[in-house]
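Values in this text are rule-based calculations from the coordinates and carry no lab data. Owing to the predicted nature of the structure, the values given are computational and were not obtained by experimental measurement. Cβ coordinates were reconstructed from backbone atoms using ideal geometry, including for glycine residues, and neighbour counts include every protein chain displayed.
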Amino acid sequence: MTGSLAASDLSVRYETPHGNVHALRHVDIEAHPGEVIGIVGESGCGKSTLVTALANLLPANARIEGSIAYDGVDLVNLDAHRRRLLRGDEIALVSQDPMTAFNPVLTIGDQLVDFQHHRKDLDRAQKKARIAAMLTRVGISDAERRMRSYPHELSGGMRQRAAIAAALLTDPGLLIADEPTTALDVTMEAQIIHLLRELRREYNGIIMVVSHHLGVIAELCDRVYVMYAGEVVEGGEVDAIFHDARHPYTRALLACDPARFPERLERLPTIPGTLPNLTDPPAGCIYASRCERTLAPCHNVVPPRVKLSASHIARCHGVRG
Ligand SMILES: Nc1ncnc2c1ncn2[C@@H]1O[C@H](COP(=O)(O)OP(=O)(O)OP(=O)(O)O)[C@@H](O)[C@H]1O
Ligand SMILES: [Mg+2]
């Protein structure tokens, strides 16, 4: 089954002893079968919170509001049983830490068999054959031997590939990779990017990639959502975001992209200032305290969602549609 995904007015807060952390606020995103969607933003902007919410894997202290529709089914208000069914077979999240994908005391092969529990039509030998093919597919050579390995016997890059293989074995309609490259060195990163790009050609579900590397997003994705402090501040097709960015935060992020500097700099440029306190978010625009072009309403009026084209939106008082 493949379906479209639409989150609307999605908010998530984490309840903590020090107050509520408003990690996601009024987010609207959509994705259609065959598309590769990028989620980009600085550390702490809520990228993992968003994709964990989409995969129905939020921790117990999270409270969610708004709606997530997948193939027309509202995931937020689904009963626990149907949600589990849908999560198992339809939406796969490759988490930021590939170690968490596997149980340390079971072999990779046994776990990858378990990942196919939904395939009642296959016996164990057929499942193993499918695993071997999938491991080879994600670039793990000597798949038979690797299936007998324990997670700690694999390198970081290989574990990441095995986690992607595990996700694909569940035949998901939505595959989410949260920072697929951060734990890896540059060569590994290039290889994983290459793999995801190939999958993109063969796969007709939705692929969602979270990254703070703009280069990864630019190469892989059809559409991009730029997040800042829990909000989507700009979204659009990859060309619009990279060549016609309108939100001051997107522009600042592009100006700081290390790929723009031909020589290695001593220190990478960063956007001055820090993220606002998410336990007590500011009243107006979330970016106002760091913005170079604030206007009178920015500090106390929530910016409108300005539509720049059919798919390009920005939330900013300074942008005209
Ligand atoms: N379980 C939790 N309880 C309380 N606060 C949390 C929890 N998980 C995340 N947060 C907070 O929510 C905010 C968003 O975190 P999140 O992990 O979604 O950001 P991120 O964009 O994925 O960051 P990174 O790029 O570092 O992975 C942060 O302020 C974080 O400290
Ligand atoms: Mg994260």
Practice problem: Enumerate the amide H contacts of Glu231 below 5 Å, restricted to partners 5 or more residues apart or on another chain; note that Pro and chain-start residues carry no placed amide H. | Solution: Arg25
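Can you give the helix-only mean residue ellipticity at 222 nm for the chain, where every DSSP H stretch with n ≥ 4 adds -39500 (n - 2.57) and the sum goes over all residues, rounded to the nearest 500 deg cm²/dmol? All intermediate terms of the calculation are to be shown ahead of the outcome.
Details: 10 runs with 97 residues, N = 321.
Calculated at 222 nm, the ellipticity per residue is -9000 deg cm²/dmol.
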Quiz item: What dipole magnitude, in Debye to the nearest 20, does the range 202-251 give about its Cα centre under +1 on Lys/Arg Cβ and -1 on Asp/Glu Cβ?
Solution: 200
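Would you please report the Å³ per residue occupied by the convex hull of the alpha carbon atoms in the range 215-255?
That works out to 67 Å³ per residue.
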Practice problem: Compute the distribution of all C-alpha to C-alpha distances in the range 16-148, in bins of 5 Å from 0, and list the percent of pairs in each, rounded to whole numbers. | Solution: 2, 7, 14, 17, 17, 15, 13, 8, 4, 1, 0
Quiz item: If you plug each phi of the range 58-65 into the Karplus form 6.51 cos²θ - 1.76 cosθ + 1.60 with θ = phi - 60°, what whole-Hz ³J(HN,Hα) values come out, in order, with x for Gly and Pro?
Solution: 5, x, 5, 8, 8, 10, 10, 9
Quiz item: How many percent of DSSP beta bridges within the chain run antiparallel, rounded to 5?
Solution: 60
Quiz item: So what is the relative contact order of the chain, in percent, for Cα pairs below 8 Å that sit 6 or more residues apart?
Solution: 21
Practice problem: Please list, or write none, the lysines whose alpha carbon is within less than 25 Å of the alpha carbon of Lys120, excluding same-chain residues fewer than 8 places away. | Solution: Lys128
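Using +1 on the beta carbon of Lys and Arg, -1 on that of Asp and Glu, and nothing else charged, what's the dipole of the range 102-171 about the Cα centre, debye to 20? Working shown, then result.
Working: 12 positive and 8 negative charges, 18 e Å.
Magnitude of the dipole: close to 80 debye.
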Quiz item: Along the range 285-302, what does the Karplus equation 6.51 cos²θ - 1.76 cosθ + 1.60 (θ = phi - 60°) give for ³J(HN,Hα), rounded to whole Hz, x for Gly and Pro?
Solution: 6, 5, 9, 3, 5, 10, 7, 8, 10, 6, 10, 3, x, 4, 7, 9, 10, 5
Quiz item: How big is the chain in terms of Cα radius of gyration and Dmax, in angstroms?
Solution: 20.3, 67
